[in-house]
Amino acid sequence: MTVGRFAPSPSGRIHLGNILCCLLAWLSARQKGGKVVLRIEDLDTARCPQRYAEQMLEDLRWLGLDWDEGPETGGPDGPYFQSRRTALYQAALERLEALGLVYPCFCTRAELHAASAPHREDGLTVYAGTCRHLTPAQRAERAVRRSPALRLRVPDKEFSFVDGHMGECVENLERDCGDFLLRRSDGMFAYQLAVVVDDAAMGVTEVVRGADLLSSTPRQLYLYQLLGLTPPEFFHFPLLLAPDGRRLSKRDADAGLDSLRGRVSAEELLGRLARLAGFHPSGEPSPAAGLLEEFSWEMVPQEDIRLPEKLFE
Ligand code: GLU
């Protein structure tokens, strides 16, 4: 059975990009008769206060995008808030440590910036491996002054996978990414580790998310492999851009639900988003279920989608 999921980070009110993500995840799973899990990715508790998560649940209900397992509905694989799942991430970290692949990293932000290879297109800096070869004595000496982050040693090896929407993607983890974080120096587990542990534990079989996370996928596939878990299928969809071509942000008033909810119905909003995403040419208002027949990944473009100046008159 197909199991899709929404995995929003409640660091503010959801915007059109998040809504499109939930809509596509919902349609892709429901069209196959599958179910939908909702998981709140609130690991960064300082940036994700509880009230944002509550608002998000309410917004999703207003949109009519329902879920079978998650907050409020419950389910066998909870809790559905990442902030309450840290014991699972710790267990996975210990498995990786037992493989001898985890090492402490004492680099400060400034050091990372100075030592890293040129920034990639997506903004990720390739870690130069500064702390990879510290001796036990050097580690002990540095640990007195600074609590370390933990990194995973990656191989000089190509990882390729076929994205359900974007096609074949290849990345050499060492060259294109470098040893990546599993836990920050303040103890917060990294997204890459948490998302893999959770998608596997919740039986997720397909992940639908924005193309900004396409380059995270090889890292996640490596974690699946090391942890002996079965990866889901991935579908990355193009990003929604503001009318001037910038990345959409919570500051774009027209893109926020704050202003939209008072002006348009959920059906109007979903109809317009579905047209922008290529599979609902009329743009007519429609509940999510009304789009099931028309939806097809083949009609969704691969290039970023620019929002029109006025989405609604
Ligand atoms: N929590 C992430 C976000 O809101 C999504 C993670 C994912 O879909 O893997 O951007």
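Each reported figure results from applying straightforward, stated rules to the coordinates on display, with no laboratory input. What you see is a predicted model, and the numbers here were worked out from it, not measured in a lab. Glycine gets a Cβ as well: all are built from the backbone with ideal geometry, and neighbour counts include every protein chain shown.
Can you return the aspartates and glutamates within cross-link range of Lys157? Criterion is Cα-Cα under 12 Å, with same-chain partners fewer than 8 residues away left out. The reachable aspartates and glutamates, counting only those whose Cα sits under 12 Å from Lys157, are Glu171, Glu174, Asp176.
Taking Cα centroids, how far is the range 35-77 from the range 162-227 in Å? Value for the Cα centre distance between the two parts: 21 Å. The aspartates and glutamates within cross-link reach of Lys35, meaning a Cα-to-Cα straight distance under 18 Å and a gap of 8 or more places when in the same chain, are Asp66, Asp68, Glu69, Glu72, Asp77, Asp198, Asp199, Glu206, Glu233, Glu293. Rounded, prolate or oblate: which one fits the range 245-313, using the alpha carbon gyration tensor with axes a ≥ b ≥ c (rounded when a/c is under 1.5, else prolate when a/b beats b/c, else oblate)? Oblate shape, in that a/c is at least 1.5 and b/c is the bigger or equal ratio.
DSSP finds beta bridges in the range 89-239, and of those with both partners inside it, around 75 percent are antiparallel.
By definition, a body whose alpha carbon gyration tensor gives a ≥ b ≥ c is oblate when a/c is 1.5 or more and a/b is not larger than b/c, and the range 84-183 fits this oblate description. Using R0 = 45 Å, the C-beta based FRET efficiency linking Leu213 and Glu141 works out to 0.75. Which of the aspartates and glutamates could be linked to Lys310 by a straight reach, that is with a Cα gap under 14 Å, when you skip same-chain ones fewer than 8 residues away? In chain and number order, the partners are Asp244, Asp252, Asp254, Glu268. Estimated from helical segments only, the mean residue ellipticity of the chain at 222 nm is -10000 deg cm²/dmol, where each DSSP H run of four or more residues counts as -39500 (n - 2.57). With angles folded into 0 to 90 degrees, how steeply does helix 217-227 sit against the dominant principal axis of the chain? Use alpha carbons for both and round to 10. Orientation of helix 217-227: about 60 degrees from the principal axis. Mind pulling the angle between the C-alpha long axis of helix 16-31 and the longest principal axis of the chain? Nearest 10 degrees, somewhere in 0 to 90. It works out to around 80 degrees.
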